Every structure is written in C-alpha cells, then in structure tokens.
Amino acid sequence: MKLDRRNFVKHVSIGLFTMSFLGKVDPKLAAAIALPDDIQKAKDIDNLQGLEKTHTPKLKIPMVAEDGRFVPIELTLDHPMEKDHFVESVDVIVLSDPITTKGRFLFSPQNGKPHLKFQTRMAAGTTTVYAVIACSKHGRWVGDAMIRIVGGGC
C-alpha cells in the first residue's frame, strides 16, 4: 500500500476516532493505553506522603460544565522552583476528547510557583482531565479530576 498524504490522513483519522470512541466508552481503558508507565501517581490523593505532597498537581475544575466551549481549568502545585530542582513543564490532557492536548506550559526557576488558570473546549460526556508535570529531579507525575460536560464544544 502506498502511504501518500491522503492515506496518512485517513489512517490517522481512523486512529483518532478509535481512541476518542474508546475514551467515551471507558475512560480508564483510554488512560491505560495512552499514559506511559514512567508517570508516577499518588497512591492516596487524600493522604499525600513524601514526594507526593510537592509533585502531585491539584486540578480545580467544575464537576459539571453546562457548555463544553468554555471549561475552566485551574492547576496549583506547591513545588520548589530552585536552580537544580524545578517544574520544567505541565501538560493538560483529556484522552477521550478529539483534541487530547489542552495545553503545554513551560516553566523555569524564575517563574515562581507553578500556577495555571485557563479555559478550554471539550466534547460532551464524562471524562477525566489529566495534568502531567515534569520535575527536573524526580521525573513525571500526574494528577487528575473527573468532569461531566453537558453540551459539547468540539
């Protein structure tokens, strides 16, 4: 089979549709497929221990959003921002959405404490929003929150 631009776009579209469909049917299955093994997650979000306290991003999103065109997301993280130990980046991801990456934010020690507040667009349905931080010393960590979108924006 010749892989020209038309076939490439066709195959990528089918793959994205499949991933989107899997996410809407079972968000945990989509997360298992797409989140790499090297991402660390807190064992008990209500009782953070050790590195979990400073490396688990806290997402503040509404439990229900009436309009998927304007979904507010706020992220806070109490992490040191020193020359040799700082948050390098934050990725906000919604695996069950047609556009999975909602933003990539880069930081340096000069930024101060990582804090994000923005609006994004999401498809209708119940889904999980993931925030993946990259620490210069301790690797990648994830925090998540569930949201139900009543009216889709995508």
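So, with a 1.4 angstrom probe, what is the percent of accessible area on segment 100-153 that is carbon and sulfur? Let's see the in-between values first.
Details: 1280 of 2630 Å².
Solvent-exposed carbon and sulfur of segment 100-153 make up 48 percent of the total.
Please list, by residue number, every one of the trypsin sites (Lys or Arg not before Pro) in segment 66-131 that is coil in DSSP and has at most 16 other beta-carbon atoms within 10 Å.
Those satisfying the criteria are ARG69, LYS83.
Quick check on my link table: of LYS43/LYS83; LYS43/LYS113; LYS83/LYS137; LYS60/LYS117; LYS117/LYS137, which ones sit more than 19 Å apart, alpha carbon to alpha carbon?
LYS43/LYS83; LYS43/LYS113; LYS117/LYS137
Excluding ligands, DNA and RNA, what is the solvent-accessible area per residue of segment 56-112 at a probe of 1.4 Å, expressed in Å²?
Counting only protein heavy atoms, the per-residue value for segment 56-112 is 53 Å².
The values are calculated or read from the model by the stated rules, or taken from the named source; none is laboratory data. All of these numbers come straight from a predicted model, not from anything done at the bench. Reconstructed Cβ throughout: ideal geometry from the backbone, glycine too, with neighbour counts over all protein chains shown. What goes into the accessible areas is simple: the full protein's heavy atoms, side chains included, and nothing from ligands, DNA or RNA. Shrake-Rupley method; radii C 1.70, N 1.55, O 1.52, S 1.80 Å.
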